[in-house]
Each structure stands twice: as C-alpha cells, then as structure tokens.
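Report on one structure; see the data block that follows.
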Amino acid sequence: MLDYGLGALCGAVLGFGAAFFAQGGLLDRRLFLRLCRMPGRWHRQRWLLAGLGALLGVYIVWVQEGFGRGAAGLLLLTGLLLAASVTDLRRHQIHTDCLAVYAVLLFVWQCTGGLWSLLNGALGAALGLAALGIPRLVRPAAVGGGDVLLLAVCGLAAGFPGVVYLMFRGMVVLALVGVVQLALRRADRKSTLPLAPFLLLGALV
C-alpha cells in the first residue's frame, strides 16, 4: 500500500506540474500567479489534473509491480506527456520550458542507472529526434518543431527499443482516430491531430 500511496502522491505532483506549464509555466510566471488569484475553471483544472495524475501514478505502480526505478521513469514520462497533452490539445503547442525541465529530470534519472542506461537513453533521444526531425526537414508544415523535441525527450526516457514501441503504439492509435474522424466527416485529409495525447496513451499501454 505504501508503494501505491507514493505513486499517487508523485502522480498528483506531476498533475499540478502539468497545470503549471499549461497556465504559464517558467516562461510566463506572472500569468500563472495571476491565474492562481482567479477563481473558477483554472483552479478546477489544477485539481482535475492532480487527480488524473494520482490515478495514473497508482496505475503505473500496479503495472510496474511496485515503486522502483522503472516506475519513477514511467511517472516522469507520463508527467511530461500529460503536460504536453494539455497545451497540444488546447493550442497545438508544446512549451519549450516543459521540455527542458523534463529533459533535465530524465537525464538525472538515466544517470542513476549507470553509464549503459545513460547511453541507451541518448540513443533513444537520437532516434526520437530523427524519427520526426527528418520528416520536418522534408515537409516543415507537416510536423511541428515541438513534436520533434517532445519525441526526443520521450526517447531519452524510453531508450532503445522502448522509443520504437512508444512511437508505434502512439501512431497506431493516432491513425485509428484519424480514420474514425474521416469516416464521421469531422476532419479531412489536411487536418492535423495533436501528437502528445497519443504518445501518452502509447506510454500507458
């Protein structure tokens, strides 16, 4: 039960972190402080994300069969994708301050696993960067710069071959949702879907 409690607590903190980055973050701290003084939906959003984060924390501890290094890494990855999903769904943006903070946290986490873990994380980051960076060089309008950096940070967390599995599962879910939206005529072939929520689902599956 202690492990589940730790998972819920860490998840709640990461949920609050997602709200922080969505409501201004490090780049606009004045906005965040101003929103903190405003009643209504901004407060509800923080508690909603904290509650969702706590549930995800419990789920991750259950999947990992305890609160260990693996669970901590997956919690950080989930926190990153939860924060990115909020802004990606709302404004099709992924904030660079969020990516930078989680890149540092995940680098430190990889260092706790030794040199091999750090090298594997670096390989995963390079693969993630190349997987969307090359298409962006070919067709800049088709791939957002935030998505490229997001997948690189995810690769740092997942390593190799974890980043490949993450991309595959996320892209499969994205493709299925795209087909459904086309069938329901809620989108056309030129429509774009936010990547972060599907990577979040891919990380949790």
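The values are calculated or read from the model by the stated rules, or taken from the named source; none is laboratory data. The structure displayed is predicted, hence computed values, not measured ones. Using ideal geometry, Cβ is built from the backbone for each residue, glycine included, and neighbour counts are taken over all protein chains shown. We work out accessible area using only protein heavy atoms, side chains counted, and drop any ligands, DNA or RNA first. Shrake-Rupley method; radii C 1.70, N 1.55, O 1.52, S 1.80 Å.
Estimated from helices alone, the mean residue ellipticity of the chain at 222 nm is -27500 deg cm²/dmol (sum of -39500 (n - 2.57) over DSSP H runs with n ≥ 4, per residue). Here the contact order of segment 88-184, divided by its residue count and restricted to Cα pairs under 8 Å and six or more residues apart, works out to 30 percent.
Taking label positions 7 Å along the Cα-Cβ direction at both Val104 and Thr192, the computed distance is 2.9 nm, reported to one decimal. Okay, which of segment 69-106 sit inside 11 Å, backbone N to the point 7 Å along the Cα-Cβ direction of Trp47? Within reach of a label on Trp47: no residues.
Mind running the shape call on segment 125-205? Use the C-alpha gyration tensor, a ≥ b ≥ c as the square roots of the eigenvalues: rounded below 1.5 for a/c, prolate if a/b tops b/c, oblate otherwise. Write down the numbers at each step before the final one.
On the way: a/c = 2.66, a/b = 1.39, b/c = 1.91.
Oblate.
A simple charge model with +1 on the Cβ of Lys and Arg, -1 on the Cβ of Asp and Glu and nothing else charged puts the dipole of segment 114-198 at about 340 debye relative to its Cα centre. Take 54-65, 114-125, 37-48 and order them by the average number of nearby Cβ atoms within 10 Å per residue, most first; the result is 54-65, 114-125, 37-48. The distance from the alpha carbon centre of segment 139-157 to that of segment 62-82 is 21 Å, rounded to a whole number.
Share of carbon and sulfur in the accessible area of the chain stands at 70%, probe radius 1.4 Å.
Take every Cα pair under 8 Å in the chain that's 6+ residues apart, average their separations, divide by the length, and report that relative contact order as a whole percent. Could the numbers behind the result be given before it?
Details: 284 pairs, mean separation 43.1, N = 205.
With pairs under 8 Å counted, the relative contact order is 21 percent.
So if the hydrodynamic radius of the chain is defined as the Kirkwood radius over C-alpha pairs, what does Stokes-Einstein give as its diffusion coefficient at 10 °C and 1.306 mPa s, in µm² per second? Stokes-Einstein gives a translational diffusion coefficient of 91 µm²/s.
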